[in-house]
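Trainee: Here it is: the structure, laid out below.
The values are calculated or read from the model by the stated rules, or taken from the named source; none is laboratory data. Remember, it's a predicted structure, so these values are computed and weren't measured experimentally. Methodologically, a virtual Cβ is constructed for each residue, glycine included, from the backbone with ideal geometry; neighbour enumeration extends over all protein chains shown. Accessible surface is based on the protein model in full, side chains and every heavy atom, while ligands, DNA and RNA are left aside. Shrake-Rupley method; radii C 1.70, N 1.55, O 1.52, S 1.80 Å.
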Amino acid sequence: MRATLVALLCGCGRQNFAAYPPACEELAFVRTADIAAFGPRNVALGDVNLDGDLDVVLTNGDAQSISVALGNGDGTFRSPMIYPAGVHPWSLAVARFAQGVPPDIVVGNYSDDTITVFRNDGTGALQPASTHGVLTPQALALADFDGDDHADVAVASFSADEVTVIMSDLARDFVFTAQTFATGVGPYSIATDDLDEDGNLDLLLANKRGTSLSSLLGNGDGTFRAEIPISTGLGTQPWHVTTADLDGDGHRDAIVADNYGTSSILIFRGRGDGTFAAPEPTAAPYNTWWIVAADMTADDTLDLVAGSGPDGVSTYVGRGDGTFEPRQDFAPQEGEKLCIAVGDLDHDRRPDVVSANGTANTVSVLLNRCARSDELR
(Lines give C-alpha, C1' and ligand atoms only; values in the text may rest on other atoms or scores of the structure.)
Protein backbone atom coordinates (compact mmCIF):
# COMPACT_ATOMS: atom_id res chain seq x y z
CA MET A 1 0.00 0.00 0.00
CA ARG A 2 1.38 3.40 -1.00
CA ALA A 3 -0.60 5.55 1.41
CA THR A 4 2.41 6.55 3.52
CA LEU A 5 4.01 9.62 5.05
CA VAL A 6 0.75 11.28 6.03
CA ALA A 7 1.40 14.53 7.87
CA LEU A 8 0.50 15.22 11.46
CA LEU A 9 -1.23 18.55 11.31
CA CYS A 10 -3.88 20.68 12.91
CA GLY A 11 -6.77 18.57 14.07
CA CYS A 12 -4.84 15.33 13.80
CA GLY A 13 -6.00 12.17 15.54
CA ARG A 14 -3.70 9.89 17.53
CA GLN A 15 -0.09 10.91 18.00
CA ASN A 16 2.65 9.35 20.08
CA PHE A 17 0.32 6.80 21.72
CA ALA A 18 1.66 3.52 23.10
CA ALA A 19 -0.70 0.78 24.25
CA TYR A 20 -3.81 2.43 25.61
CA PRO A 21 -4.63 2.36 29.35
CA PRO A 22 -7.80 0.63 30.57
CA ALA A 23 -10.99 2.13 29.19
CA CYS A 24 -12.43 5.01 31.20
CA GLU A 25 -15.99 6.00 31.84
CA GLU A 26 -15.99 9.72 32.52
CA LEU A 27 -14.08 12.29 30.50
CA ALA A 28 -12.34 15.09 32.36
CA PHE A 29 -9.61 17.57 31.48
CA VAL A 30 -7.12 19.63 33.47
CA ARG A 31 -6.02 22.90 31.92
CA THR A 32 -2.33 23.69 32.36
CA ALA A 33 -0.57 26.98 31.62
CA ASP A 34 -1.48 28.60 28.30
CA ILE A 35 1.08 29.22 25.57
CA ALA A 36 1.33 32.86 24.53
CA ALA A 37 0.42 33.64 20.91
CA PHE A 38 -0.58 36.56 18.65
CA GLY A 39 -3.90 35.86 16.99
CA PRO A 40 -3.28 32.11 16.65
CA ARG A 41 -5.05 30.64 13.64
CA ASN A 42 -3.61 27.16 13.53
CA VAL A 43 -1.88 24.71 15.85
CA ALA A 44 -0.15 21.38 15.24
CA LEU A 45 1.75 18.78 17.24
CA GLY A 46 4.98 17.00 16.35
CA ASP A 47 8.27 15.95 17.90
CA VAL A 48 10.35 18.62 16.21
CA ASN A 49 13.46 18.23 18.40
CA LEU A 50 13.38 14.42 18.36
CA ASP A 51 13.42 13.97 22.14
CA GLY A 52 10.31 11.78 22.27
CA ASP A 53 8.03 14.55 23.59
CA LEU A 54 5.38 16.25 21.49
CA ASP A 55 5.95 19.94 20.76
CA VAL A 56 3.47 22.65 19.77
CA VAL A 57 3.77 24.60 16.51
CA LEU A 58 1.37 27.48 15.91
CA THR A 59 0.78 30.31 13.48
CA ASN A 60 0.55 33.88 14.76
CA GLY A 61 -1.93 35.30 12.28
CA ASP A 62 -1.68 38.83 13.67
CA ALA A 63 2.12 38.93 13.93
CA GLN A 64 3.21 37.39 10.58
CA SER A 65 5.14 34.66 12.38
CA ILE A 66 5.07 31.11 13.68
CA SER A 67 6.00 29.83 17.14
CA VAL A 68 7.53 26.55 18.30
CA ALA A 69 7.04 25.60 21.96
CA LEU A 70 9.11 22.56 22.91
CA GLY A 71 7.36 20.07 25.19
CA ASN A 72 8.72 18.91 28.52
CA GLY A 73 6.89 15.58 28.35
CA ASP A 74 4.58 16.39 31.27
CA GLY A 75 2.04 18.60 29.51
CA THR A 76 4.02 21.79 30.03
CA PHE A 77 6.07 23.68 27.46
CA ARG A 78 9.10 25.90 27.23
CA SER A 79 8.85 29.53 26.10
CA PRO A 80 8.02 29.70 22.38
CA MET A 81 10.68 30.34 19.75
CA ILE A 82 9.31 32.77 17.15
CA TYR A 83 10.16 32.78 13.43
CA PRO A 84 9.09 35.32 10.78
CA ALA A 85 6.59 34.11 8.18
CA GLY A 86 4.60 35.77 5.42
CA VAL A 87 1.48 37.94 5.63
CA HIS A 88 -1.32 36.30 7.64
CA PRO A 89 0.09 32.80 8.16
CA TRP A 90 -3.15 30.90 8.56
CA SER A 91 -2.45 27.30 7.57
CA LEU A 92 0.15 24.91 8.90
CA ALA A 93 1.43 21.35 8.59
CA VAL A 94 4.23 19.43 10.29
CA ALA A 95 5.76 16.27 8.78
CA ARG A 96 8.93 14.52 7.74
CA PHE A 97 9.63 15.09 4.06
CA ALA A 98 11.46 11.76 3.99
CA GLN A 99 12.36 8.91 6.31
CA GLY A 100 15.34 9.60 8.52
CA VAL A 101 15.06 13.40 8.53
CA PRO A 102 13.57 15.67 11.23
CA PRO A 103 10.00 16.95 10.83
CA ASP A 104 9.82 20.13 8.77
CA ILE A 105 7.09 22.77 8.81
CA VAL A 106 5.05 24.22 5.95
CA VAL A 107 3.07 27.43 6.45
CA GLY A 108 0.46 28.99 4.18
CA ASN A 109 0.64 32.79 4.09
CA TYR A 110 -2.90 33.69 3.06
CA SER A 111 -2.58 37.37 2.19
CA ASP A 112 0.64 37.28 0.18
CA ASP A 113 -0.25 34.11 -1.78
CA THR A 114 2.74 32.04 -0.70
CA ILE A 115 3.70 28.97 1.27
CA THR A 116 6.95 28.84 3.23
CA VAL A 117 8.89 25.66 3.96
CA PHE A 118 10.85 25.79 7.22
CA ARG A 119 13.70 23.33 7.51
CA ASN A 120 14.30 21.82 10.95
CA ASP A 121 17.86 21.04 12.07
CA GLY A 122 16.62 18.38 14.51
CA THR A 123 16.83 20.56 17.60
CA GLY A 124 13.60 22.43 16.85
CA ALA A 125 15.48 25.40 15.40
CA LEU A 126 14.11 26.41 11.98
CA GLN A 127 15.39 28.07 8.84
CA PRO A 128 13.14 29.15 5.93
CA ALA A 129 14.28 26.86 3.12
CA SER A 130 12.04 28.04 0.28
CA THR A 131 8.92 30.04 -0.59
CA HIS A 132 6.45 29.14 -3.35
CA GLY A 133 3.54 31.04 -4.86
CA VAL A 134 0.04 29.62 -4.26
CA LEU A 135 -3.13 31.71 -4.37
CA THR A 136 -4.81 32.24 -0.96
CA PRO A 137 -3.47 29.10 0.77
CA GLN A 138 -6.31 28.43 3.20
CA ALA A 139 -5.40 24.86 4.24
CA LEU A 140 -2.51 22.42 3.86
CA ALA A 141 -1.95 18.67 3.89
CA LEU A 142 1.38 16.84 3.64
CA ALA A 143 1.48 13.26 2.36
CA ASP A 144 3.27 11.04 -0.17
CA PHE A 145 0.99 11.26 -3.20
CA ASP A 146 3.29 9.56 -5.72
CA GLY A 147 4.86 6.75 -3.69
CA ASP A 148 8.45 8.00 -3.77
CA ASP A 149 8.76 8.12 0.05
CA HIS A 150 8.95 11.92 0.04
CA ALA A 151 6.10 13.99 1.44
CA ASP A 152 4.28 16.22 -1.03
CA VAL A 153 2.10 19.26 -0.31
CA ALA A 154 -1.57 19.79 -1.14
CA VAL A 155 -2.85 23.36 -0.74
CA ALA A 156 -6.51 24.46 -0.77
CA SER A 157 -6.65 27.77 -2.67
CA PHE A 158 -9.74 29.53 -1.33
CA SER A 159 -10.13 32.28 -3.94
CA ALA A 160 -9.16 30.10 -6.93
CA ASP A 161 -11.55 27.18 -6.25
CA GLU A 162 -8.75 24.69 -6.71
CA VAL A 163 -6.23 22.54 -4.90
CA THR A 164 -2.55 22.88 -5.76
CA VAL A 165 -0.50 19.70 -5.41
CA ILE A 166 3.22 20.37 -5.07
CA MET A 167 5.54 17.41 -5.58
CA SER A 168 8.79 17.45 -3.63
CA ASP A 169 12.05 15.59 -3.97
CA LEU A 170 14.25 15.94 -0.92
CA ALA A 171 17.28 14.90 -2.94
CA ARG A 172 16.83 18.08 -5.02
CA ASP A 173 16.81 20.29 -1.92
CA PHE A 174 13.10 21.21 -1.92
CA VAL A 175 12.73 21.75 -5.64
CA PHE A 176 8.98 21.67 -6.26
CA THR A 177 6.76 21.09 -9.27
CA ALA A 178 3.07 21.97 -8.98
CA GLN A 179 -0.24 21.01 -10.59
CA THR A 180 -3.73 22.36 -9.90
CA PHE A 181 -7.05 20.53 -9.78
CA ALA A 182 -10.54 22.07 -9.69
CA THR A 183 -12.64 21.89 -6.51
CA GLY A 184 -15.96 23.31 -5.38
CA VAL A 185 -16.42 26.96 -4.44
CA GLY A 186 -14.21 28.29 -1.64
CA PRO A 187 -12.22 25.25 -0.44
CA TYR A 188 -11.55 25.90 3.25
CA SER A 189 -10.20 22.62 4.64
CA ILE A 190 -8.41 19.58 3.26
CA ALA A 191 -8.01 15.97 4.35
CA THR A 192 -6.07 13.15 2.75
CA ASP A 193 -6.96 9.46 3.02
CA ASP A 194 -7.48 6.37 0.87
CA LEU A 195 -11.18 6.91 0.22
CA ASP A 196 -11.62 4.32 -2.55
CA GLU A 197 -9.37 1.65 -1.01
CA ASP A 198 -7.03 1.26 -3.97
CA GLY A 199 -3.83 1.97 -2.01
CA ASN A 200 -3.45 5.53 -3.34
CA LEU A 201 -4.03 8.64 -1.28
CA ASP A 202 -7.03 10.78 -2.20
CA LEU A 203 -8.09 14.33 -1.30
CA LEU A 204 -11.28 15.49 0.40
CA LEU A 205 -12.01 19.22 0.67
CA ALA A 206 -14.71 21.18 2.48
CA ASN A 207 -15.99 24.04 0.31
CA LYS A 208 -17.17 26.83 2.61
CA ARG A 209 -18.91 28.84 -0.10
CA GLY A 210 -20.14 25.88 -2.10
CA THR A 211 -22.18 23.89 0.45
CA SER A 212 -20.25 20.84 -0.69
CA LEU A 213 -17.30 18.52 -0.32
CA SER A 214 -14.93 17.69 -3.16
CA SER A 215 -13.59 14.15 -3.44
CA LEU A 216 -10.53 13.87 -5.71
CA LEU A 217 -9.31 10.31 -6.17
CA GLY A 218 -5.57 9.85 -6.54
CA ASN A 219 -3.86 7.95 -9.33
CA GLY A 220 -0.79 7.16 -7.23
CA ASP A 221 1.52 9.32 -9.33
CA GLY A 222 0.70 12.72 -7.85
CA THR A 223 -2.23 13.37 -10.18
CA PHE A 224 -5.92 13.24 -9.31
CA ARG A 225 -9.13 12.47 -11.17
CA ALA A 226 -11.86 15.05 -11.69
CA GLU A 227 -13.74 16.23 -8.61
CA ILE A 228 -16.68 14.19 -7.32
CA PRO A 229 -18.99 16.83 -5.77
CA ILE A 230 -20.79 15.84 -2.56
CA SER A 231 -23.57 18.09 -1.30
CA THR A 232 -23.54 19.02 2.38
CA GLY A 233 -27.12 20.26 2.18
CA LEU A 234 -29.04 23.50 1.77
CA GLY A 235 -27.98 26.20 4.23
CA THR A 236 -24.76 24.52 5.32
CA GLN A 237 -21.35 26.15 5.49
CA PRO A 238 -18.70 23.43 5.83
CA TRP A 239 -15.55 24.75 7.49
CA HIS A 240 -13.51 21.72 8.42
CA VAL A 241 -13.38 18.09 7.27
CA THR A 242 -11.56 15.06 8.62
CA THR A 243 -11.82 11.34 7.95
CA ALA A 244 -11.98 8.17 10.06
CA ASP A 245 -13.78 4.82 10.17
CA LEU A 246 -16.43 5.69 12.75
CA ASP A 247 -18.61 2.60 12.44
CA GLY A 248 -16.01 -0.14 12.00
CA ASP A 249 -17.12 -1.23 8.54
CA GLY A 250 -13.65 -0.77 7.03
CA HIS A 251 -14.64 2.28 4.96
CA ARG A 252 -13.41 5.79 5.66
CA ASP A 253 -16.15 8.19 6.74
CA ALA A 254 -16.12 11.99 6.49
CA ILE A 255 -16.79 14.25 9.48
CA VAL A 256 -17.61 17.89 8.74
CA ALA A 257 -17.89 20.90 11.05
CA ASP A 258 -20.75 23.05 9.71
CA ASN A 259 -19.91 26.33 11.38
CA TYR A 260 -22.38 29.13 10.65
CA GLY A 261 -24.84 27.08 8.63
CA THR A 262 -26.85 24.51 10.57
CA SER A 263 -24.55 24.52 13.65
CA SER A 264 -24.02 20.78 13.41
CA ILE A 265 -21.45 18.10 12.83
CA LEU A 266 -22.22 16.16 9.68
CA ILE A 267 -21.32 12.46 9.42
CA PHE A 268 -20.94 11.07 5.89
CA ARG A 269 -20.62 7.28 5.88
CA GLY A 270 -18.11 6.15 3.29
CA ARG A 271 -18.93 3.55 0.66
CA GLY A 272 -15.32 2.61 -0.04
CA ASP A 273 -15.34 4.01 -3.58
CA GLY A 274 -14.71 7.70 -2.86
CA THR A 275 -18.40 8.52 -2.47
CA PHE A 276 -20.52 8.86 0.65
CA ALA A 277 -24.06 8.36 1.89
CA ALA A 278 -26.23 11.37 2.72
CA PRO A 279 -25.09 13.33 5.78
CA GLU A 280 -26.32 12.50 9.27
CA PRO A 281 -26.31 15.64 11.48
CA THR A 282 -25.29 15.81 15.13
CA ALA A 283 -26.15 19.00 17.00
CA ALA A 284 -23.10 21.15 17.79
CA PRO A 285 -22.43 24.57 19.31
CA TYR A 286 -22.66 27.65 17.15
CA ASN A 287 -19.25 28.52 15.69
CA THR A 288 -17.86 24.99 15.63
CA TRP A 289 -14.60 25.53 13.78
CA TRP A 290 -12.68 22.29 13.94
CA ILE A 291 -13.30 18.57 14.42
CA VAL A 292 -10.96 15.69 15.31
CA ALA A 293 -11.62 11.95 15.61
CA ALA A 294 -9.64 10.17 18.36
CA ASP A 295 -10.19 7.49 21.01
CA MET A 296 -10.42 9.76 24.02
CA THR A 297 -11.82 7.11 26.38
CA ALA A 298 -9.46 4.21 25.50
CA ASP A 299 -12.31 1.84 24.61
CA ASP A 300 -11.17 1.18 21.01
CA THR A 301 -14.03 3.34 19.74
CA LEU A 302 -13.45 6.66 18.05
CA ASP A 303 -14.83 9.78 19.69
CA LEU A 304 -15.07 13.34 18.35
CA VAL A 305 -13.43 16.46 19.75
CA ALA A 306 -14.59 19.84 18.46
CA GLY A 307 -13.47 23.42 18.99
CA SER A 308 -15.99 26.26 18.99
CA GLY A 309 -16.42 29.84 20.13
CA PRO A 310 -18.91 29.95 22.98
CA ASP A 311 -18.58 26.43 24.36
CA GLY A 312 -14.83 25.86 24.34
CA VAL A 313 -13.85 22.28 23.58
CA SER A 314 -16.67 19.77 23.11
CA THR A 315 -16.44 15.97 23.12
CA TYR A 316 -18.79 13.40 21.65
CA VAL A 317 -18.19 9.88 22.97
CA GLY A 318 -18.61 7.34 20.19
CA ARG A 319 -20.83 4.27 20.38
CA GLY A 320 -18.87 2.41 17.69
CA ASP A 321 -21.65 2.52 15.12
CA GLY A 322 -21.11 6.06 13.85
CA THR A 323 -23.43 7.62 16.43
CA PHE A 324 -22.47 9.47 19.60
CA GLU A 325 -23.50 10.18 23.16
CA PRO A 326 -24.70 13.73 23.95
CA ARG A 327 -21.88 16.23 23.86
CA GLN A 328 -19.89 17.36 26.88
CA ASP A 329 -18.34 20.84 26.99
CA PHE A 330 -15.03 21.59 28.65
CA ALA A 331 -12.93 24.69 29.25
CA PRO A 332 -15.30 27.42 28.07
CA GLN A 333 -12.39 29.82 28.11
CA GLU A 334 -12.17 33.07 26.23
CA GLY A 335 -11.52 33.22 22.50
CA GLU A 336 -12.82 31.29 19.53
CA LYS A 337 -11.25 27.83 19.16
CA LEU A 338 -10.08 28.27 15.59
CA CYS A 339 -8.15 25.01 15.58
CA ILE A 340 -7.52 22.03 17.85
CA ALA A 341 -5.01 19.18 17.81
CA VAL A 342 -4.86 15.95 19.79
CA GLY A 343 -1.87 13.97 21.06
CA ASP A 344 -0.36 12.42 24.20
CA LEU A 345 1.52 15.33 25.76
CA ASP A 346 2.39 13.77 29.14
CA HIS A 347 3.07 10.10 28.30
CA ASP A 348 0.09 8.73 30.22
CA ARG A 349 -1.26 7.07 27.05
CA ARG A 350 -4.35 9.30 27.03
CA PRO A 351 -4.94 11.77 24.16
CA ASP A 352 -4.70 15.39 25.29
CA VAL A 353 -5.99 18.50 23.50
CA VAL A 354 -4.49 21.84 22.50
CA SER A 355 -6.67 24.64 21.15
CA ALA A 356 -5.79 27.87 19.34
CA ASN A 357 -7.85 30.62 20.98
CA GLY A 358 -7.81 33.18 18.20
CA THR A 359 -9.19 36.28 19.88
CA ALA A 360 -7.57 35.54 23.27
CA ASN A 361 -3.98 35.35 21.97
CA THR A 362 -3.34 32.01 23.67
CA VAL A 363 -3.05 28.30 22.98
CA SER A 364 -4.66 26.22 25.72
CA VAL A 365 -3.38 22.83 26.88
CA LEU A 366 -6.01 20.39 28.21
CA LEU A 367 -4.67 17.19 29.76
CA ASN A 368 -6.97 14.19 29.55
CA ARG A 369 -7.84 12.87 33.01
CA CYS A 370 -10.48 10.40 31.89
CA ALA A 371 -11.47 8.32 34.93
CA ARG A 372 -11.88 4.52 34.95
CA SER A 373 -14.96 2.99 36.57
CA ASP A 374 -12.92 1.81 39.59
CA GLU A 375 -11.64 5.37 40.08
CA LEU A 376 -15.21 6.72 40.21
CA ARG A 377 -16.24 4.50 43.11
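Trainee: What distance in nm separates the simple spin-label points at F38 and V101, each placed 7 Å from Cα in the Cβ direction?
Mentor: Placing both labels 7 Å along Cα→Cβ, they lie 2.9 nm apart.
Trainee: Calculate, in whole percent, how much of the Cα-Cα pair population of segment 181-237 lies beyond 18 Å.
Mentor: 29 percent
Trainee: Per residue, how much accessible surface does the chain expose to a 1.4 Å probe? Answer in Å², no decimals.
Mentor: Using a 1.4 Å probe on heavy atoms only, each residue of the chain averages 35 Å².
Trainee: As an exercise, use a Förster radius of 35 Å and the Cβ-Cβ distance of D62 and T131 to find the FRET efficiency, rounded to the nearest 0.05.
Mentor: 0.95
Trainee: Subtracting the Cα-Cα distance from 0.36 nm times the residue separation, let me have the gained length for S111 to D169 in nm, one decimal.
Mentor: Computed gain between S111 and D169 is 18.2 nm.
Trainee: A follow-up question, please. Pulled fully out, how much extra length does the chain show between S231 and E25, if you take 0.36 nm times their separation in residues and subtract their Cα-Cα distance?
Mentor: In short, 70.6 nm is gained.
Trainee: Would you mind listing how long segment 87-224 runs along its three principal axes, going by Cα atoms, in whole Å with the largest first?
Mentor: Dimensions of segment 87-224 along the principal axes of its Cα atoms: 42, 37, 21 Å.
Trainee: Moving on. Taking Cα atoms of the chain, Rg/Rh with Kirkwood Rh, to two decimals?
Mentor: 0.93
Trainee: Between S159 and T76, what is the label-to-label distance in nm when each label sits 7 Å out along the Cα-to-Cβ direction?
Mentor: With each label placed 7 Å out from Cα toward Cβ, I get 4.5 nm.
Trainee: Using a 1.4 Å probe on the protein heavy atoms, what percent of the accessible area of the chain belongs to carbon and sulfur?
Mentor: On the chain, the fraction of accessible area on carbon and sulfur atoms equals 50 percent.
Trainee: Using the basic label-point model (7 angstrom from Cα toward the beta carbon), what is the A178 to T359 distance in nanometres?
Mentor: In this crude label model, A178 to T359 measures out at 3.3 nm.
Trainee: Mind ordering 70-81, 97-108 by average Cβ neighbours within 10 Å, highest first?
Mentor: 97-108, 70-81
Trainee: OK, next. Calculate the FRET efficiency for D221 and D249 from the Cβ-Cβ distance with a Förster distance of 35 Å, rounded to the nearest 0.05.
Mentor: For R0 = 35 Å, the calculated efficiency reads 0.75.
Trainee: Give me Rg over Rh for segment 227-267, both radii from the alpha carbons and Rh done the Kirkwood way, two decimal places.
Mentor: Ratio of gyration radius to Kirkwood radius for segment 227-267: 1.01.
Trainee: Tell me, rounded to the nearest percent, the portion of alpha carbon pairs in segment 236-342 spaced more than 22 Å apart.
Mentor: Every Cα pair in segment 236-342 considered, those over 22 Å come to 24 percent.
Trainee: Rounded to whole Å and ordered largest first, report the semi-axes of the equivalent ellipsoid of segment 43-91 derived from its Cα gyration tensor (root of 5λ).
Mentor: Its equivalent ellipsoid spans semi-axes of 22, 9, 8 Å.
Trainee: Which whole-number percent is the relative contact order of segment 102-195 (Cα, under 8 Å, 6+ apart)?
Mentor: So the answer I get is 20 percent.
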